[in-house]
Amino acid sequence: MKIELTVNGDQVEADVWEGESLLFALRERLGLPGSKNACEQGECGSCSVLLDGMLVCACLVLAAQSHGHEVVTVEGLGEDGRLHRVQEAFVETGAVQCGFCTPGLVVATVDLLAHTPQPTDDQIREALSGNLCRCTGYAKIFDAVRLAAGS
Ligand code: FES
Ligand code: FES
């Protein structure tokens with residue numbers, strides 16, 4: 001089936017299988033490998049994207065459900081060739097090790113700061129609780145979120 005959607009501001013279309021995930025369509029059909037596939041079960045958050053402004057796991061959304069909707073992936077966060085301030089904060093604080101969790105954490109942090117510009121540590125913990133990281137121990141990820149928030 002053919003779907004049409006907006007991805008990172010561009011109108012795109014793709015031929016997808018009815019049972020195919022949005023994550024698969026983004027990565028394998030639309031050339032956007034930034035959203036990572038780690039569990040494909042909604043457990044790790046590495047595939048996090050914004051669907052009509054709502055944070056979702058792209059592995060749990062059917063590509064067909066995104067027809068007519070707007071998706072923002074990690075590739076669409078920066079502007080004018082520059083990284084988004086959240087991406088810069090992750091780099092600056094050393095919150096990136098293997099990097100596999102990073103796109104999802106960045107998207108989740110962008111979503112958090114859009115709704116809560118000055119989050120407390122508990123709010124950060126709650127907002128990022130769906131994003132697993134095997135490498136950092138999370139301390140530097142908290143530093144990155146605080147830096148991006150300017151606190
Ligand atoms: S790949 Fe989607 S939550 Fe893990
Ligand atoms: S940096 Fe490796 S899983 Fe988070």
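The values are calculated or read from the model by the stated rules, or taken from the named source; none is laboratory data. Remember, predicted model here, so these are calculated numbers, not experimental data. Here Cβ is always computed from backbone atoms with ideal geometry, including for glycine, and neighbour counts include all displayed protein chains.
Summary table below
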quantity	calculated
Filter result for Gly34 (at pLDDT 95 or above, within 15 Å of ligand 1 (Cβ to nearest atom) and touching a strand residue (DSSP E or B) at 6+ places or on another chain (Cβ under 7 Å))	no
Number of positions in segment 79-95 that are in contact (Cβ under 8 Å) with a residue 40 or more places away in the chain and either in a loop (DSSP other than H, G, I, E, B) or buried (at least 21 other Cβ atoms within 10 Å of the Cβ) (or both)	5
Members of segment 1-54 found to be touching a Leu at 6+ places or on another chain (Cβ under 9 Å), part of a strand (DSSP E or B) and loosely packed, with under 13 Cβ neighbours inside 10 Å, listed by number	Gln11, Glu13
Segment 22-77, residues that are small (Gly, Ala, Ser) and within 16 Å of ligand 2 (Cβ to nearest atom)	Gly34, Ser35, Ala38, Gly45, Ser46, Ser48
Whichever residue in segment 111-141 is surrounded by fewer than 17 Cβ atoms within 10 Å (Cβ to Cβ) and acidic (Asp, Glu) and, among such residues, is farthest from ligand 2 (Cβ to nearest atom)	Asp122
Tally of residues being within 16 Å of ligand 1 (Cβ to nearest atom), surrounded by fewer than 20 Cβ atoms within 10 Å (Cβ to Cβ) and either at positive phi or under 16 Å from the mean Cα position of the chain (by Cα) (or both) across segment 57-71	1
Exclusive hit being touching a residue at least 24 places away in the same chain (Cβ under 8 Å), buried (at least 20 other Cβ atoms within 10 Å of the Cβ) and closer than 17 Å to Cys57 by Cβ, set Ala148, Ala144, Ala108	Ala108
Where Gly137 falls short, out of the listed (1) in a loop (DSSP other than H, G, I, E, B); (2) of a type outside the set (A, V, I, L, M, F, W, C); (3) more than 20 Å from Ala38 (Cβ to Cβ)	(3)
